[in-house]
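Enquirer: A single structure is presented below for examination.
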Amino acid sequence: MGGGASTQFALTAMNFLKAGKVGGYILSGSFSEKAYAEARTLGDARILASSKEDGWRTLPRITDMPLASDTAYVHMTTNNTIEGSQFRDIPSTGQVPLIGDMTSDILSRRMDWTRFAMFYAAAQKNLGPAGVTAVFIRDDLLKEGNEGIPSIFKYATYVQHKSLYNTPPVHSIYMMKLVLEWAVRQGGIAALEERNALKAKLLYDVLDSNSDFYEGIVEPSARSIMNVTWRMKDEELEKRFVQEAERHGFDGLAGHRSVGGLRASIYNAVPLEACEALAEFMMDFHKRNG
Ligand SMILES: Cc1ncc(COP(=O)(O)O)c(C=O)c1O
């Protein structure tokens, strides 16, 4: 589908939130909060679990989540792009459809896809250039879609027309095809996962073995293998780190503008060598500024 993941925040609720039913939201970071806020403009949405009080440094507990019988669906974000946390375990929601925003970790690791009745991922992290979003929906959920909404916003329309109801963003789709072929050539998801875990470990090891200088933001058990976030003693030092890193060829290490700190986004396209070089730079920077 054309558009970004934010479009899906609205469309999921528009299609599957019904009168008398409630959309259940697991809040684990700012994108999940945005999805929840969007659903609230369309109907009744409730927070099932949240780690906001921990400053998103942990993940909310989602095992044994009691689900009321009027729950239309459960929505979760599998990887929290800005905060740098990622769910290892996907909850079982029984008969209640689970909807996942996988924008920042699709294709990064093996996943029990069968847990989800629907998942979506905007292309711009692991799938290709922005402009298109991959959407997967199980037939049984598709049948539940609301009728009284415009055709262009109905998932059923896209399925009936094989994604060609209107002009799709063909360039982004073509690029996604090339990226998917590349992913297969790398050995598929299992091989990418292995490489991503190694890449992330290199950086987390530096944070852990230099903890007097770098402070990992996310609790170790919740750490993401796609977005590694950390802080330093003060903003001045962080600024210097970013500037020096840029001079060494490391771009975009400043944390998201909404949270500050530092963030290394190590999506599939980032090679192992780049993480090795960054780990080395980080250790050297510590030596010179510690
Ligand atoms: C997990 C997640 N969800 C949603 C979004 C929003 O995506 P878009 O900018 O395509 O609307 C992003 C953007 O990076 C994201 O990382």
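Enquirer: Based on this model, can you work out whether LEU98 counts as over 13 Å from the mean Cα position of the chain (by Cα) and among the hydrophobic types (A, V, I, L, M, F, W, C)? It would help to see each step written out before you state the result.
Expert: Details: over 13 Å from the mean Cα position of the chain (by Cα): yes; among the hydrophobic types (A, V, I, L, M, F, W, C): yes.
The answer is yes for LEU98.
Enquirer: Is it true that some residue in the range 114-126 is over 19 Å from THR7 (Cα atoms) and more than 16 Å from the ligand (Cβ to nearest atom)?
Expert: So far as the range 114-126 goes, yes, one or more of its residues are over 19 Å from THR7 (Cα atoms) and more than 16 Å from the ligand (Cβ to nearest atom).
Enquirer: Could I ask something else about it? Being touching a Ser or Thr at 6+ places or on another chain (Cβ under 9 Å), within 24 Å of SER51 (Cβ to Cβ) and not in a helix (DSSP H, G or I) narrows it down to one of SER258, SER221, so name that one. Can you show your working first?
Expert: On the way: SER221 fails: not in a helix (DSSP H, G or I).
Matching residue, one of SER258, SER221: SER258.
Enquirer: Next question, about the same structure. What number of residues in the range 33-56 are acidic (Asp, Glu) and more than 21 Å from the chain's Cα centre (by Cα)?
Expert: The number of residues fulfilling the criteria is 1.
Enquirer: Here are some conditions: (1) surrounded by 24 or more Cβ atoms within 10 Å (Cβ to Cβ); (2) in contact with a helix residue (DSSP H, G or I) (Cβ under 9 Å, 6 or more places away or on another chain); (3) not aromatic (Phe, Trp, Tyr). ARG57 meets all but one. Which one does it not meet?
Expert: (1)
Enquirer: For the range 224-248, name all the residues that are part of a loop (DSSP other than H, G, I, E, B), farther than 21 Å from LYS125 by Cβ and in contact (Cβ under 8 Å) with a residue 12 or more places away in the chain.
Expert: Of the range 224-248, the ones part of a loop (DSSP other than H, G, I, E, B) are 224-226, 232-234, 248.
Within this subset, residues satisfying the condition of being farther than 21 Å from LYS125 by Cβ are 232-234, 248.
Within the range 224-248, MET232, LYS233, HIS248 meet the criteria.
Enquirer: Applying the selection to the range 229-276, what residues are over 23 Å from GLY187 (Cβ atoms) and β-branched (Val, Ile, Thr)?
Expert: THR229, VAL242, VAL259
Values quoted throughout were computed directly from the atomic coordinates according to the rules given, and no laboratory measurement underlies them. In this text the structure is predicted, and so the values were computed from the model without any measurement. In this analysis, Cβ positions are derived from the backbone assuming ideal geometry, glycine residues included, and neighbour counts consider all displayed protein chains.
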